[in-house]
Structures are given as structure tokens and as C-alpha cells.
Amino acid sequence: VQLQASGGGLVQAGGSLRLSCAASGRAFSAYDMGWFRQAPGKEREFVAAISWSGGTTYYADSVKGRFTISRDNAKNTVYLQMNNLKPEDTAVYYCAAHLRGGAITPREQEYHYWGQGTLVTVSS
């Protein structure tokens with residue numbers, strides 16, 4: 001499956017952005033999906049994940065209550081709605097696909113396919 005992330009940009013602290021990740025190739029509903037991010041000089045970290053059906057979601061503590069992951073299997077797209085953004089949310093955001101089977105996972109090594117990343121910059 002090929003993944004294309006979009007929607008990044010520059011926003012002031014307290015603002016909102018919605019990231020999208022469009023998938024092509026194999027059946028989108030065969031995959032749990034995740035969002036990860038990598039800030040300058042830091043390791044890539046888990047942000048959020050959603051099951052293939054959309055029925056289960058999981059968030060990093062740092063974004064819980066501010067970010068919402070969702071998906072539209074008819075459009076082969078997963079979204080990350082980001083509200084109340086903070087300067088520490090500045091990072092390149094990546095979407096990733098995990099072939100479903102078992103629980104959704106925050107472990108990046110378990111994701112099989114990755115998008116190219118989209119940059120989110122939050123100014124103070």
C-alpha cells in the first residue's frame with residue numbers, strides 16, 4: 001500500500017490543523033493505521049492509532065484530549081485532527097499502515113508501510 005500524507009503547515013499556538021493520509025494499492029480496510037511524528041533532533045514517536053474498522057483508537061498521553069484520529073474506508077483516507085496545538089507539537093508527521101491482526105499498536109517497528117511525512121510547525 002502507498003501512503004501520501006498532507007495537510008501540514010504553519011499555525012499559531014492554540015490553533016488547529018487536520019492532516020490527511022490517502023492510501024492506494026491493497027485494500028485499505030486490511031490495515032490498522034497510525035500517526036507518528038519526529039521533532040528536530042529527536043526520535044520518532046507514536047501519536048495515535050486506529051483499528052481497521054475505526055472502532056478502536058489509541059493515543060499518546062501527550063496528545064490525548066487534543067488530537068483525534070479517524071478514518072473513512074470509502075475514501076481510503078485516515079485523518080488526524082489536531083486542536084489546541086502547542087510549540088512542542090512541531091514535527092514531521094508520518095502516517096503508517098499495520099496489517100491488521102491483534103490489537104492496534106504504538107510500536108513503529110510493527111508498521112509495514114510509511115508515508116513521506118508532512119511538516120507541522122507551531123509558533124508561540
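The values are calculated or read from the model by the stated rules, or taken from the named source; none is laboratory data. Since the model is a prediction, treat every value here as computed from it, not as a measurement. So basically every Cβ, Gly included, is an ideal-geometry build from the backbone, and we count neighbours across all protein chains shown. These area figures cover heavy atoms from the full protein model, side chains too; ligands, DNA and RNA do not enter into them. Shrake-Rupley method; radii C 1.70, N 1.55, O 1.52, S 1.80 Å.
Overview of values
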item: Local electrostatic count, Thr57, Cβ distance below 15 Å [Lys/Arg +1, Asp/Glu -1]; result: +1
item: Rounded accessible area per residue of the chain, 1.4 Å, Å²; result: 50 Å²
item: Sequence of Trp52, Trp114 from largest to smallest accessible area, 1.4 Å probe; result: Trp52, Trp114
item: Whole-Å distance, taken between Cα centres, linking segment 46-85 and segment 25-45; result: 11 Å
item: Area of Tyr59 that stays accessible when all protein chains are in place (1.4 Å probe, Å², to 10); result: 40 Å²
item: Column: log10 I(q)/I(0), Debye, Cα scatterers of the chain, q = 0.14 Å⁻¹; result: -0.52
item: Span from the segment 88-124 Cα centroid across to the segment 4-23 one, whole angstrom; result: 13 Å
item: Nearest-10 value in Å² for the accessible area of Lys42, using the 1.4 Å probe; result: 130 Å²
item: Nearest-10 value in Å² for the accessible area of Ile69, using the 1.4 Å probe; result: 10 Å²
item: Segment 20-99 - percent of accessible surface contributed by carbon and sulfur, probe 1.4 Å; result: 47 percent
item: Relative contact order computed over segment 23-89 (Cα-Cα under 8 Å; 6+ residues apart), in percent; result: 26 percent
item: In nm, spacing of pseudo-spin labels at Ser6 and Glu110 (7 Å Cα→C-beta vector); result: 3.1 nm
item: Computed magnitude of the charge dipole of segment 1-98 (debye, nearest 20; Cβ of K, R +1, Cβ of D, E -1); result: 140 debye
item: Cβ crowding within 10 Å averaged over residues, with 84-90, 27-33 ranked highest first; result: 27-33, 84-90
